[in-house]
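Right, one structure below, let's go through it.
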Amino acid sequence: MGRTVIRNARLFPATGAEAAIGDLVVEGERIVSAGGAPAQIRGDDTVIEAAGLFCMPGMTEGHAHLSFENVCATEDLITPSPETQVFAAARGARALIEAGFTSAYGASEAKLKLAVAVRDEVNAGRLPGPRIRAGGLEISVTGAMGDESKAHNPRVGPSTIVDGVEEMRRAVRLHCREGVDNIKLDVSGDPFYPSTPAHTTPMTFEEIRVAAETAHAYGRKINAHTRSIEGSKHCVRAGVDGLFHTEYADAELLDMMEEAKDRIFVVPTVGLFAQIMAGEASAHGLTPEVGGYMNIPELLENSIRTHTELRKRGIRHLIGGDYGFGWSQQGTQGRDLAFFVDHYGYSPAEALACATRNGGMAMGYDDLGTLEAGKLADLILVDGDPLADMSVLAGPQKVVFVMKGGAVQKSTLVAQAGAGTPVLQAAE
Ligand SMILES: [Zn+2]
């Protein structure tokens, strides 16, 4: 099979080097060269004339809920059957790849095996989608986030409920048996569950430690919903890989996270709260006023303070998380980039590196997430300059070409008239 030669694109390698005009060559599933001397064209190459286009690594959604689609209440997660929801998960995967997300680091799903099933279909080439580390159910404890039961009305919620280390061990093993890649614990409370607000920590250290040990024993990753200071400290001490939200922090926690920065990833998932306070969820009853009662302004203030400090300390942040609600479509996760710049103090190039290089590392690869010779060819072409205007990555419209492992996933490029070898260019 011939190579793909992308010519005269503005290459953003996500290595720390500046973006520069150059050629990029893909052969098989890997990048052969990125920048440097102009590529020599061979007879069986496919050439993309990419002058004016921005070429960057594919992005990673750092906290994926593939099966969330128009969710307005937990009932929307609980009531539909797995058979119905697997279609939503497949649509979520397609929306991500079309928006330039070539990887999805799973948080949790509405049912146990939705992301597992979609991952396997995507890997078999039967469905469009990113590389997927499949999440399963959230694992929580009695009375905490996701426990929808009452003594007079026992019912199934969106989480699996365990108490004590033996139940925890069994739940994690069951997730591993069913093919889940990413275990997720609900360590802290949450503003959507008033009896356990965000600063509370219903799960014990022992439960978290056993969950982490078990997940790692099966070669899986473990992540945590953790907004509270104590919960986040438990997670770092217990060996949790991914910390989600992490709004509250004190000096000790910041030091602990800095010390652990080469083994943990942190996903602020700021979109949901920012959207509520911007009034974007008002049509669904979640007005800024309701957000005020839920203490969301304080959570946002703490998010800005904590993640700005974590940025300075070199923490590996990822973008995305908690998209798929009634007011936030799958595939718009790139909106987080602007928040990273405006509120956490990242430069646009650094924010893009969170979305790409950090994402590739979180996915568990050492050859993913940058444009360099030898790396996997997960890359996108953007009709616009994200470094000047991050909104070009806020949806699929400006993402004109997506490649994953050297295979074309999306292309709105058109053939150039009269060219000998296949030459593609952006549509007018
Ligand atoms: Zn989430």
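Values quoted throughout were computed directly from the atomic coordinates according to the rules given, and no laboratory measurement underlies them. Not measured: the values here are computed from a predicted model. For neighbour counting, all protein chains shown are included, and Cβ atoms are generated from backbone atoms with ideal geometry for every residue, glycine included.
Quick rundown of the values:
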| item | result |
| --- | --- |
| Sites residue 40 and residue 75, calculated FRET efficiency, Cβ-Cβ separation with R0 35 Å, nearest 0.05 | 0.05 |
| Of 174, 408, 193, farthest towards positive along the dipole that unit charges on Lys, Arg, Asp, Glu beta carbons give the chain | 408 |
| Geometric extent, Cα atoms of region 26-160 - Rg, Dmax (angstrom) | 20.2, 73 |
| Positive-end residue, the chain charge dipole about Cα centroid, Cβ charges, pick of 315, 329, 382 | 382 |
| Charge tally in the Cβ shell below 10 Å around residue 326, where Lys, Arg are +1 and Asp, Glu are -1, residue 326 excluded | -3 |
| Whole-angstrom Cα spans of region 318-397 along principal axes, big to small | 39, 26, 26 |
| Filter on 221/375; 233/375; 150/261; 113/312; 111/404; 184/312 - keep pairs with C-alpha separation over 32 Å | 233/375; 150/261; 113/312 |
| Helical contribution to [θ] at 222 nm, DSSP H n ≥ 4, -39,500 (n - 2.57), averaged over the chain, rounded to 500 | -8500 deg cm²/dmol |
| Cα centroid of region 147-161 to Cα centroid of region 3-47, whole Å | 53 Å |
| Burial ordering of 209, 316, fewest other beta-carbon atoms within 10 Å first | 209, 316 |
| Nonlocal amide H pairs with residue 32, under 5 Å, H built at 1.01 Å | 25, 26, 27, 374 |
| Unit charges on C-beta of K, R, D, E only; dipole of the chain, Debye | 900 debye |
| Residues with amide H under 5 Å from that of residue 323, placed H, sequence gap 5 or more | 65 |
| Cα-based helix-to-principal-axis angle, 296-312 vs the chain, degrees rounded to 10 | 50 degrees |
| Lys, Arg +1 and Asp, Glu -1 on Cβ, resulting dipole of region 1-69 about Cα centre, debye, nearest 20 | 200 debye |
| Pair residue 84, residue 177: separation of 7 Å Cα→Cβ label points (nm) | 2.9 nm |
| Pairwise centroid distance, computed over Cα atoms, of region 295-359 with region 62-78, Å | 20 Å |
| Added length on full extension, which subtracts the Cα-Cα distance from 0.36 nm per residue, residue 120 to residue 366 | 86.4 nm |
| The chain: angle of helix 82-98 to the longest principal axis, Cα-based, in degrees nearest 10 | 40 degrees |
| Length added when fully stretched, residue 414-residue 152, from 0.36 nm per residue minus Cα-Cα | 88.1 nm |
| Phi to ³J(HN,Hα) by Karplus 6.51 cos²θ - 1.76 cosθ + 1.60 over region 251-268, Hz, x for Gly, Pro | 4, 5, 5, 4, 5, 4, 5, 4, 5, 9, 5, 8, 10, 10, 10, 10, 10, x |
| Relative exposure of 277, 59, 1, judged by other C-beta atoms within 10 Å (fewest first) | 1, 277, 59 |
| Relative counts (whole %) of C-alpha pair distances in region 59-362, using bins that are 20 Å wide | 37, 61, 2 |
| Separation between Cα centres of region 256-277 and region 206-229, rounded to whole Å | 16 Å |
| Total formal charge among the other residues, if their Cβ is under 11 angstrom from that of residue 398, Lys/Arg +1 and Asp/Glu -1 | -3 |
| Unit charges at the beta carbon, dipole of the chain: most positive-side option, 136, 68, 371 | 371 |
| Cα centre as origin, Lys/Arg/Asp/Glu Cβ charges: region 178-333 dipole, Debye | 400 debye |
| Rounded to 10°, Cα long-axis angle of helix 164-177 versus longest principal axis of the chain | 30 degrees |
| FRET E, pair residue 278, residue 218, Förster distance 35 Å, beta-carbon r, rounded to 0.05 | 0.30 |
| Theoretical FRET efficiency, 1/(1+(r/R0)^6), r = Cβ-Cβ of residue 21 and residue 391, R0 25 Å, to 0.05 | 0.65 |
